[in-house]
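See below for the structure under consideration.
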Amino acid sequence: MELDLELAAFRAEYERTAPAERVALYETKVEELRAAFPIADVLAVGEQAPDFVLPNASGWMVSLSEVLREGHAVVVFYRGGWCPYCNIQLRAYQRLLPQLAQLGANLVAISPQLPDASLSTAQRNVLDFAVLSDAGNGVARSFGLVYSLPEELRQALRSVDKALPGINGDDSWELPVPATFVIAKDGRTVFSHVDIDYRSRCEPDVVLSALRSLQPTDPTWSEV
């Protein structure tokens, strides 16, 4: 529950110090999105994950099929390095890397921000996994995650110098809802977790449990 505690502590401090009308706006818009978002369109457990090819923070192209040749994949969609909740999650998942390796999995994180911003995110959070740039949200759309920010939230982000057109390189004001998927080596989706409320994220222990379900049943096998 460490990630939940970190997120809750940040949220409590923000709500203590931020203008009350801003806190109320964010709460209202989360609930509106929860009511309107087509959750049935999200990639579901049992479905084949769509392949993708995206640039990492250094400009090298990374494909899902390439990652799966090495083992299972944990695919995390986040809003961008401008989002403090995203940074908390990414740092928590960085701490998870040794356990992921023991379970034969690699982690990739995807956001719509441009590669330069992805590089800054990776460097600032000291991330050792692939941080990919999904400009235009094409991959997020294929996973069923994309929505457009309402005008009130666009104005709120402009007021704190986080206007998405400059960060993402397009005028769509679209974001993915934060989501975490575990993709088996054969491309099957074995775990799907979507956070309509961007202030909540999938706990690392849940990801590990999904990966353990993919391990051999041979009683002589053990994690190294």
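Where a number appears in this text, it was derived from the coordinates with a stated rule and is not lab data. Because the structure is predicted, anything quoted here is derived from the model rather than measured. No Cβ is skipped: glycine too gets one built from the backbone with ideal geometry, and neighbour counts run over all protein chains shown.
Taking the range 110-142 and a reference point 7 angstrom along Cα→Cβ of residue 172, the backbone N atoms nearer than 18 Å belong to 110-118, 132-142. Using a cutoff of 8 angstrom between alpha carbon atoms and counting only pairs six or more residues apart, the relative contact order for the range 7-74 works out to 14 percent. With a simple spin-label model that places each label point 7 Å from the Cα along the Cα-to-Cβ direction, the separation between residue 61 and residue 14 comes to 3.6 nm. So in the chain, which Cys have no other cysteine's beta-carbon sitting under 4.7 angstrom from theirs? By the Cβ distance rule, which asks for a partner under 4.7 Å, the isolated cysteines are 202. Note on the range 2-212: dipole from Cβ charges, positive end direction compared against 127, 14, 38; the farthest Cα belongs to 127.
Within the range 56-144, the chymotrypsin sites (Phe, Trp or Tyr not before Pro) that combine a DSSP coil assignment with at most 12 other C-beta atoms in a 10 angstrom radius are 60. Structural size metrics of the range 103-224, computed from C-alpha coordinates, are Rg and Dmax of 17.1, 59 Å. Distances between placed amide hydrogens fall under 5 Å for residue 132 paired with 109, 110, 111, all partners being 5 or more residues away or on another chain.
The mean sequence distance of close C-alpha pairs (under 8 Å, at least 6 residues apart), as a share of the length of the chain, puts its relative contact order at 27 percent. For residue 40 and residue 160, the difference between the fully extended length at 0.36 nm per residue and the C-alpha to C-alpha distance is 39.9 nm. Residue-normalised convex hull volume from the C-alpha trace of the range 80-166: 102 Å³ per residue. Altogether, the Stokes-Einstein calculation at 20 °C and 1.002 mPa s, with the Kirkwood radius of the chain over Cα pairs as Rh, returns a diffusion coefficient of 119 µm²/s. Of the beta bridges in the chain, as assigned by DSSP with both residues counted there, near 65 percent are antiparallel.
When you filter the GluC sites (Glu not before Pro) in the range 14-102 for DSSP loop state and at most 16 other Cβ atoms inside 10 Å of their Cβ, you are left with 47. In terms of Cα atoms, the Rg and Dmax of the range 1-78 work out to 18.3, 49 Å.
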